[in-house]
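Questions regarding the structure given below will be posed in turn.
The values are calculated or read from the model by the stated rules, or taken from the named source; none is laboratory data. All figures in this text were calculated on a predicted structure; none of them were measured in a lab. Here the Cβ positions follow ideal geometry from the backbone for every residue, glycine too, while neighbour counts run over all protein chains shown.
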Amino acid sequence: MGTIEPGKAANLVVADGPLFARDTKIRDTWIDGRRYEITPPDAPSYKGAGLLRVVAADGQPVETKVVIDTARKTLSMDLPTGEQARARTITFDGTRLSFLIEGRLFGQPGYVQFTGALTDGSFTGSGAMPDLSRFTFTITPTDDPVEVAAADDEKPEEGAAGERAAAPGSGPGMDDGITGEWSAIVTSEQMPDGIPMTLTLRFERGVLTGNLSSDFFTADITDGTFDRASGQVAFTVTGSGMTTRTEATVQGNAMTGRVSGQGFNADLAASRSVRAAASGGSGAGGRGGRGEGAEETPAPITVMYPLGEYGLSEPPRPQRVLIKNATIWTSGPQGVIENGHMLVEDGRIAAVSNRPFAPGAIGPDVLVIDATGKHVTPGLIDCHSHTGISGGVNEGSQAVTAEVRIADVIDPDDINWYRQLAGGLTAANQLHGSANPIGGQNSVVKLKWGGGAEDFPIRDAIPGIKFALGENVKRSQNRYPNTRMGVETIIRDSFTAAREYKAEWDRYLALPRDVQDRTMPPRKDLELDALVEILEGKRLVHCHSYRQDEILMLIRVADDFGFKIGTLQHILEGYKVAEAIAAHGAGASSFSDWWAYKVEVMDAIPYNGAIMAAAGITVSFNSDSNELARRMNTEASKAVRYGGVSPVDALKFVTINPARQLRIDHRTGSLEPGKDADFVIWSGDPLSTYTRCEQTWIEGARYFSIEQDQELRRQVARERQRLIQKILTLAHGDPAKTGGGAGGGEGEGRGGEGAGPGGPGGTGGRGGRPGGTRPTPGGNPGTPGGTPGTGQPGFLVDSK
């Protein structure tokens, strides 16, 4: 290697010019004959005239002539008024084209967005109007002569009449990138807090002027220059007996630079808060004056709960509801009721019957839902959830973290709550993660979207705690335990410590009151307090478990210390030791059909839930997933597919069974009189993958419906479009105010649509435009200048 000769390794560098030239780019590097592209070739550019055809949703087409040059990133089109509109922010990657155009062509305020691709010599695609309506478009090449508009960043040329053309963008009605009011702050080592000030800048005929004001002085700006292409700005300020020179760089609406003077150096940071708002007088180019109309009145703000997408203006309220003619799956003693009727009052189920209620028993002001052909079930319950836990689910700092509480970090704004409501979920068991043998305390909640964190917990639910076994807790390399035997030992040691802690407190509390007053009480230990509650049967253990040996180990530990396990979570080898689990009395909250996703679950089978249920264990299916929790009904249906469980009993895997495991079955989990009105209305059989959740109710309040969801989606789309239009207006100016009234500034001199009257028309036009610039109503025609463009049929392709 080292030279290019036959027989040597093909290690090459390919450049597009002399290797050491300043502008040369490395195209490819070859190593052992294999090519590695460094700089892709430039995408081909397209230039020419075309016909833009836009077909709106109502089918009415709009056609206009366009001229496009992708290399110079220009696109202009004719408006019905005879004006010419130029597109903004054109991007083209060789195949895909996108651009913005003012909405005046379509009779709308704001900007219209186009996105398309080059197909068979034409650009085709779709776009969005400011009012959210969609359309399709095509740009078909024509044989019209090409008159390509000058790019925004190109410098003007001398006109044919010998006059110097106006600087692009320097008209009073067009954003030139510098004119406006800037909020600035000057900082230095001597002034770390900075001095706030306001810069008012004007850029006319290539000269930058203005003034500076602060709490200490006001001074004029002189000797100002601004180069839009590079963003370099410089000016002098003389005031308070000192002269300073500022040199800065402008990027968008931000300016950063240095201020220097005699014995003075500081940093400048500024942002433009107000753009130029000049009237259409005799400016020096640009799009004409801006109308002095009334200022936009901000729309009243409605606070949403939560503050974001799909938020509600107020939390849902309980209603009196009568559901009639539905197939009701009660998950209770009544089983499935065909053509059933259910009455809801005061947030609870008042009655469930297979017969219509007498009119006198219903009362006034009741919402009647005719559910003919639909199915009603209890609200679904997820016995293993990590949704809505702010800041992460694991406290991994130590092996025992029984003092931490999920209830302290409930996030009511988690969008997954709303998505799960859309799948019929009404309650969940928020669990700590599985990084610790003894983890944190759980939180049992109802999905009260639109409420605060204090509204979610079920207050009378028995508290629980997360334990974990297996690989998750033993693979730690820097703490004890890191073996399965160590996991058992630390659990036993912790309960032994809790038993001794309780005995110490019992001895102290047994002392006479006067002796207690003279005795130091035992140290308060929040970790051991939680473990004592387990020993007393006041707190349930929910244990992450996979393998049969570890399941048996924890059952034996629980038997030795005299407590009962609440649920064995996941329990994928539970079918091997189902009799032992049933004898202990633990519940089993399993995955429906997860297996072989890691070594310790290699023996998992999808029949696990059915086998354990047949052994007399209370079985539920859980999600352990924000996404899977959206379709717990179809998780339940897998018990029918794998194991032949009846549909009625399969539904119980996600309704009454998890309620029993969480000890909330006195309130929810089945449709029985006196229980909370937590129910779901389905479009069909709840175990079918073709069925949709149409409404979800919690305690007699409707938290989800398809109709409401469609309206919320429209609100989200409108707000998104409003923000997009606001961003586009900040970046490119308000098209409704560009070129105020009938007059225009010098340059393109286009009359605008400002709300107020514009100034008189400007004189002169931008040089270098073929044949001069279009006249504007109220403005003078532009000065002819430049050389007419050359007509080219179709789109000229320039491949590099």
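Here is a list of conditions, (1) touching a residue at least 12 places away in the same chain (Cβ under 8 Å); (2) more than 27 Å from residue 636 (Cβ to Cβ); (3) over 29 Å from the mean Cα position of the chain (by Cα); (4) loosely packed, with under 15 Cβ neighbours inside 10 Å, and residue 397 meets all of them except one; can you say which number that is?
(1)
Same structure again: If a residue counts only when it is farther than 20 Å from residue 484 by Cβ, which helices (runs of 4 or more DSSP H) contained entirely in the stretch 521-625 have at least 1 such residues?
Because the criterion is at least 1 residues that are farther than 20 Å from residue 484 by Cβ, the helices (runs of 4 or more DSSP H) in the stretch 521-625 that meet it are 526-535, 578-584, 608-614.
Report, by residue number, each residue of the stretch 695-710 that is of a type in the set (Gly, Ala, Ser) and within 19 Å of residue 370 (Cβ to Cβ).
700, 705
Across the stretch 299-330, what is the total count of residues that are under 15 Å from residue 371 (Cβ atoms), in contact (Cβ under 8 Å) with a residue 60 or more places away in the chain and in contact with a Ser or Thr (Cβ under 9 Å, 6 or more places away or on another chain)?
Going through the stretch 299-330 one residue at a time, the tally reaches 4.
Can you tell me which residues in the stretch 62-81 are buried (at least 20 other Cβ atoms within 10 Å of the Cβ) and aliphatic (A, V, I, L, M)?
Once the filter is applied, which keeps residues that are buried (at least 20 other Cβ atoms within 10 Å of the Cβ) and aliphatic (A, V, I, L, M), the stretch 62-81 yields 66, 67, 68, 75, 77.
Would you confirm, using the coordinates I've provided, whether residue 538 is surrounded by fewer than 18 Cβ atoms within 10 Å (Cβ to Cβ), under 30 Å from residue 608 (Cα atoms), of a type in the set (Lys, Arg) and assigned by the TED database to the domain that holds residue 602?
Judged against the criteria, residue 538 is a match.
Output the number of residues of the stretch 43-97 satisfying the condition of being within 33 Å of the chain's Cα centre (by Cα) and among the basic types (Lys, Arg).
Selection size over the stretch 43-97: 4.
A further question follows. If residue 427 satisfies every condition in (1) closer than 18 Å to residue 667 by Cβ; (2) assigned to a helix (DSSP H, G or I); (3) of a type outside the set (Phe, Trp, Tyr) but one, which is the exception?
(2)
Here's something else I'd like to know. In the list 364, 378, which residue meets the criterion of being of a type outside the set (Ser, Thr, Tyr) and more than 38 Å from the chain's Cα centre (by Cα)?
Within the list 364, 378, the selection yields 364.
Specify the residue that is surrounded by the most Cβ atoms within 10 Å (Cβ to Cβ); the eligible residues are those in the stretch 641-665 that are in contact with an Asp or Glu (Cβ under 7 Å, 6 or more places away or on another chain) and part of a loop (DSSP other than H, G, I, E, B).
Filtering first and then ranking leaves 654.
How many residues does the stretch 553-591 hold that are in contact (Cβ under 8 Å) with a residue 40 or more places away in the chain and buried (at least 24 other Cβ atoms within 10 Å of the Cβ)?
Count: 8.
Kindly check whether there is at least one residue in the stretch 673-684 that is farther than 17 Å from residue 329 by Cβ and surrounded by fewer than 20 Cβ atoms within 10 Å (Cβ to Cβ).
yes
Being touching a residue at least 24 places away in the same chain (Cβ under 8 Å) and aliphatic (A, V, I, L, M) is the filter here, so list the residues in the stretch 32-63 that pass it.
Answer for the stretch 32-63, where residues must be touching a residue at least 24 places away in the same chain (Cβ under 8 Å) and aliphatic (A, V, I, L, M): 43, 49, 51, 52, 54, 55, 56, 57, 62.
If I filter the stretch 13-41 down to residues being acidic (Asp, Glu) and part of a strand (DSSP E or B), which single residue comes out as nearest to residue 1 (Cα to Cα)?
Among those residues, the one meeting the criterion is 28.
Something else now. For the stretch 427-437, indicate whether the set of residues that are in contact (Cβ under 8 Å) with a residue 40 or more places away in the chain, of a type in the set (Ser, Thr, Tyr) and within 20 Å of residue 592 (Cα to Cα) is non-empty.
yes
Mind listing whichever residues of the stretch 616-631 are over 20 Å from residue 417 (Cβ atoms) and touching a Lys or Arg at 6+ places or on another chain (Cβ under 7 Å)?
The answer is 618, and nothing else.
Moving on. Can you tell me which residue within the stretch 82-116, out of those that are loosely packed, with under 15 Cβ neighbours inside 10 Å and assigned to a loop (DSSP other than H, G, I, E, B), is modelled with the lowest pLDDT?
82
Please go through the stretch 355-384 and give me each residue that is acidic (Asp, Glu), over 18 Å from residue 326 (Cα atoms) and modelled with pLDDT of 95 or more, ordered by number.
382
Name the single residue, out of those in the stretch 17-42 being acidic (Asp, Glu) and within 43 Å of the chain's Cα centre (by Cα), that is nearest to residue 69 (Cα to Cα).
42
Moving on to the next point. Can you tell me which of (1) of a type outside the set (Val, Ile, Thr); (2) surrounded by 14 or more Cβ atoms within 10 Å (Cβ to Cβ); (3) under 21 Å from residue 544 (Cβ atoms) is the one residue 345 doesn't meet?
(3)
Test of understanding: among 336, 404, 368, which residue is buried (at least 19 other Cβ atoms within 10 Å of the Cβ) and in contact (Cβ under 8 Å) with a residue 12 or more places away in the chain?
404
How about the stretch 38-52: which of its residues are over 25 Å from residue 25 (Cα atoms), crowded, with 17+ Cβ neighbours inside 10 Å and not small (Gly, Ala, Ser)?
Residues satisfying the conditions are 47, 52.
Still on this structure, I have one more. Might you check whether a residue that is of a type outside the set (Asp, Glu) and either in contact with a Gly (Cβ under 9 Å, 6 or more places away or on another chain) or at pLDDT below 95 (or both) occurs anywhere in the stretch 491-512?
no
Still on this structure, I have one more. Considering 689, 668, which residue is loosely packed, with under 15 Cβ neighbours inside 10 Å and touching a helix residue (DSSP H, G or I) at 6+ places or on another chain (Cβ under 6 Å)?
That would be 689, the only listed residue that is loosely packed, with under 15 Cβ neighbours inside 10 Å and touching a helix residue (DSSP H, G or I) at 6+ places or on another chain (Cβ under 6 Å).
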